[in-house]
Amino acid sequence: MEKRELTCIVCPNGCHLVVEVEGKEIVNISGYECKRGLKYAEDEIIMPKRTLTTTVKAEGGHLPVVSVRTKEPIPKELLNKAVYELSRITVKPPINVGDVIVKNILSTGVDVIATRALYSK
Amino acid sequence: MMEYDIVIIGAGPAGLGAAVEAYEKGVRDILIIERDSYPGGILQQCIHNGFGLIEFKEELSGPEYAERFIEKVNKYGIKIMLNTMVLNISSDKVVKAVNQENGVMEIKAKAIILAMGCRERPRGAISIPGTRPAGIFTAGTAQRYVNMEGYMPGKEIVILGSGDIGLIMARRFTLEGATVKAVVELMPYSSGLTRNIVQCLDDFGIPLLLSHTVIEIRGKERVEGVTIAQVDENKRPILNTAKYLSCDTLILSVGLIPENELSKSAGIILDPVTGGPLVNESMETNVEGIFACGNVLQVHDLVDNVTKESRLAADSAVKYIKGLLKQEGKFINAKAGSCIRYVVPQTVNYENIDDKVKFHMRPTDVFKNAYISVKSGGKEIMRRKMQRMTPGEMILIEIKKDKFLDNDLHPVDDITFEVEVV
Ligand SMILES: Cc1cc2nc3c(=O)[nH]c(=O)nc-3n(C[C@H](O)[C@H](O)[C@H](O)COP(=O)(O)OP(=O)(O)OC[C@H]3O[C@@H](n4cnc5c(N)ncnc54)[C@H](O)[C@@H]3O)c2cc1C
Ligand code: SF4
């Protein structure tokens, strides 16, 4: 049996998690203080996921960039690809907080949304 | 002269939160003054997520967190004066401010809430030998460039200091296509949150070099590289460990200090350790009717705590203008004892305690399985087990009103917080 130690990143508590793995099976998870930590530990062993936060270019707005994020975490290995996809996009005002900028990015089923508003210059 | 019940200086989360709370407690005559052209404060440039888990039970980015409060401020019709810089505050609560439209104005307030946030420790504060070429930025400035102005400071980057901003920028630079060669930290531990080390450095294989520092900067016009070395227990570089890293950019993430030039003008006394005003349980400074909250009071790692503090400051300001905040009474001093760097609030007026007092503090070092012990007159009045403490994570200890009484039911003179290692 293999023991893997993780730090839960779901909230700033940063609980210290211990996952016992037998081959590819999770045998036991301990150290979490809430259910979200349990879910994080499972995902981290099976398929680690992260929320991506970045910016996209803007034209004609009060700022040259608009900040965006994935609405849900996406597989960690897709982060770089997603950044590349987003680097090819240019948005125009008006944009409100929560507007969908890219639907279903890289077929993950997750949308990318704006996290700040953009007004015309 | 313009007159308001409450004048709030700064429209970051602290100022916005205080305004919303004061309105909800029934005060209508509120003015927020902000020097920037948009409210939100530092949160505008913090586009990463991790905000609001406590406040909204959701994981938001900085601008989204701010937007929740901006929406309320707008809905309530609370007045914000943007592009307006406060120059001076007097101890009788006259605020002097300037903007392009009106020139210099004087505004009289019944109560003032200070919410000016903090600033980065200037570069001069750390002395690295070598040249002073272009390509050296503080982490906050770099964050503003990348996230709001849309350009990258460089391609090959070394970060000095492992505070949260430095860690978050390491990930940001990497995602934008730059190479972060190392994050170099003088102390044997990082002052950032563990979750940020995991998701900003470990995820991208960026090395964190603890007990290391930059001993030389090279380059004429532009940074060409830095020499780093390990340090001994006295923080002195061990020269035979020196190593050269080529890079075009050096980012300094070297700590934040509360922004208190204005506070000094009003005669407010500052705590030499926090750099923020000395306050009592109501977040009131030594000047009657002037309150403080957020990073101007103590540098916070979590915005949710800033919001809580802003509510307390606003509730107290509302009580003050209604004449309900007692100025006389028995003052109890809260002291930082062994292995505690500071405690906020620093004093407590027993007469103003409703039910309990919340104290924030930071330990001086990393401790595992230790206790926080609260003592008064040599007697322990409270004890709390702490699995893990680090200077990067603020500790909250709540003390019930009756604990402030001695055997004869008189309020004690002082209480001391200390770390006890078993
Ligand atoms: C880079 C960084 C990353 C962070 N990451 C996280 C995180 O992941 N999660 C989390 O929960 N917290 C995080 N925090 C902490 C949290 O966001 C801050 O503690 C909080 O935003 C501080 O709020 P504030 O209102 O006190 O200060 P600020 O947001 O700095 O607001 C102060 C405002 O006052 C204005 N002002 C100052 N002086 C004057 C003057 N003379 N006249 C007029 N206006 C003035 C300024 O322009 C500014 O808008 C982070 C902080 C930083 C700096
Ligand atoms: S387990 Fe729960 S409480 Fe602990 S860090 Fe994770 S989310 Fe936070």
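The values are calculated or read from the model by the stated rules, or taken from the named source; none is laboratory data. Keep in mind that what you see is a predicted model, and the values were worked out from it rather than measured. Cβ placement follows ideal geometry from the backbone for every residue including glycine, while neighbour counts extend to all protein chains displayed. In case anyone asks, the SASA skips ligands and DNA or RNA and just uses the protein heavy atoms, side chains included. Shrake-Rupley method; radii C 1.70, N 1.55, O 1.52, S 1.80 Å.
Observations
- Residue, surrounded by the most Cβ atoms within 10 Å (Cβ to Cβ), within the range B:64-87, restricted to residues that are free of Cβ contacts under 8 Å to residues at least 40 places away in the same chain and more than 22 Å from the chain's Cα centre (by Cα): B:GLU71
- Failed item in (1) under 17 Å from B:ARG195 (Cα atoms); (2) open to solvent by 50 Å² or more (accessible area, probe 1.4 Å); (3) over 22 Å from the mean Cα position of the chain (by Cα), with A:ILE26 passing the rest: (1)
- Annotation note: of A:CYS11, A:CYS15, the sole residue that is within 30 Å of B:ASN369 (Cα to Cα), free of Cβ contacts under 8 Å to residues at least 40 places away in the same chain and facing another protein chain (nearest Cβ under 8 Å) is A:CYS11.
- Positions within the range A:74-96 being surrounded by 15 or more Cβ atoms within 10 Å (Cβ to Cβ) and more than 17 Å from the chain's Cα centre (by Cα), in sequence order: A:VAL91, A:PRO93, A:ILE95
- Those residues of the range B:288-310 which are closer than 20 Å to B:ALA22 by Cα and in a loop (DSSP other than H, G, I, E, B), in sequence order: B:GLU288, B:GLY289, B:CYS293, B:LEU297
- Residues within the range A:42-57 that are away from ligand 1 (no atom under 16 Å from the Cβ), touching a Gly at 6+ places or on another chain (Cβ under 8 Å) and open to solvent by less than 40 Å² (accessible area, probe 1.4 Å), tallied: 0
- Annotation: of all residues in the range B:179-191 being open to solvent by 10 Å² or more (accessible area, probe 1.4 Å) and over 24 Å from the mean Cα position of the chain (by Cα), the one that is farthest from the other protein chains (Cβ to nearest Cβ) is B:LYS181.
- Residue match in the range B:50-57 (condition: closer than 26 Å to B:LEU193 by Cα, hydrophobic (A, V, I, L, M, F, W, C), within 19 Å of the chain's Cα centre (by Cα) and assigned to a helix (DSSP H, G or I)): no
- Filtered residue count, the range B:1-53, keeping only those that are touching a strand residue (DSSP E or B) at 6+ places or on another chain (Cβ under 6 Å) and within 16 Å of ligand 2 (Cβ to nearest atom): 3
- Residue pairs whose Cβ atoms lie under 8 Å apart, sitting 6 or more positions apart in sequence or on different chains, and linking a residue in the range B:285-301 that is within 16 Å of B:VAL343 (Cβ to Cβ) and touching a residue at least 60 places away in the same chain (Cβ under 8 Å) to a partner that is among the acidic types (Asp, Glu) and more than 16 Å from ligand 2 (Cβ to nearest atom), are B:LEU297/B:GLU309; B:HIS300/B:GLU309.
- Reported count of residues in the range B:249-260, each being open to solvent by 40 Å² or more (accessible area, probe 1.4 Å) and over 17 Å from B:ARG144 (Cβ atoms), is 1.
- Flag if A:PRO73 is more than 9 Å from chain B (Cβ to nearest Cβ) and under 15 Å from B:HIS48 (Cβ atoms): yes
- Taken over the range B:1-29, the residue count meeting the criterion of being of a type in the set (Gly, Ala, Ser) and surrounded by fewer than 17 Cβ atoms within 10 Å (Cβ to Cβ) is 1.
- Only a single item in (1) within 12 Å of ligand 1 (Cβ to nearest atom); (2) among the hydroxyl-bearing types (Ser, Thr, Tyr); (3) open to solvent by 10 Å² or more (accessible area, probe 1.4 Å) is not met by B:SER61, and it is number (3).
- Identity of the residue in the range B:88-117, without any contact (Cβ under 8 Å) to a residue 24 or more places away in the chain and more than 15 Å from B:ILE6 (Cα to Cα), that ends up most open to solvent (accessible area, probe 1.4 Å): B:GLN100
- Residue within the range B:276-299 that is open to solvent by less than 30 Å² (accessible area, probe 1.4 Å) and modelled with pLDDT under 95 present: no
- With respect to the conditions (1) on the phi > 0 side of the Ramachandran plot; (2) within 14 Å of chain A (Cβ to nearest Cβ); (3) within 9 Å of ligand 1 (Cβ to nearest atom), B:ALA66 falls short on a single one, namely (1).
- Apart from one condition, A:GLY61 fits all of (1) more than 16 Å from ligand 2 (Cβ to nearest atom); (2) surrounded by fewer than 16 Cβ atoms within 10 Å (Cβ to Cβ); the exception is (2).
- Test result for B:ILE157, at pLDDT 95 or above, surrounded by 20 or more Cβ atoms within 10 Å (Cβ to Cβ) and under 30 Å from B:VAL20 (Cα atoms): no
- Condition check for B:SER127: free of Cβ contacts under 8 Å to residues at least 12 places away in the same chain and away from chain A (no Cβ under 14 Å): yes
- Restricting the range B:192-241 to residues that are part of a loop (DSSP other than H, G, I, E, B) and without any contact (Cβ under 8 Å) to a residue 24 or more places away in the chain, the residue that is surrounded by the most Cβ atoms within 10 Å (Cβ to Cβ) is B:ILE238.
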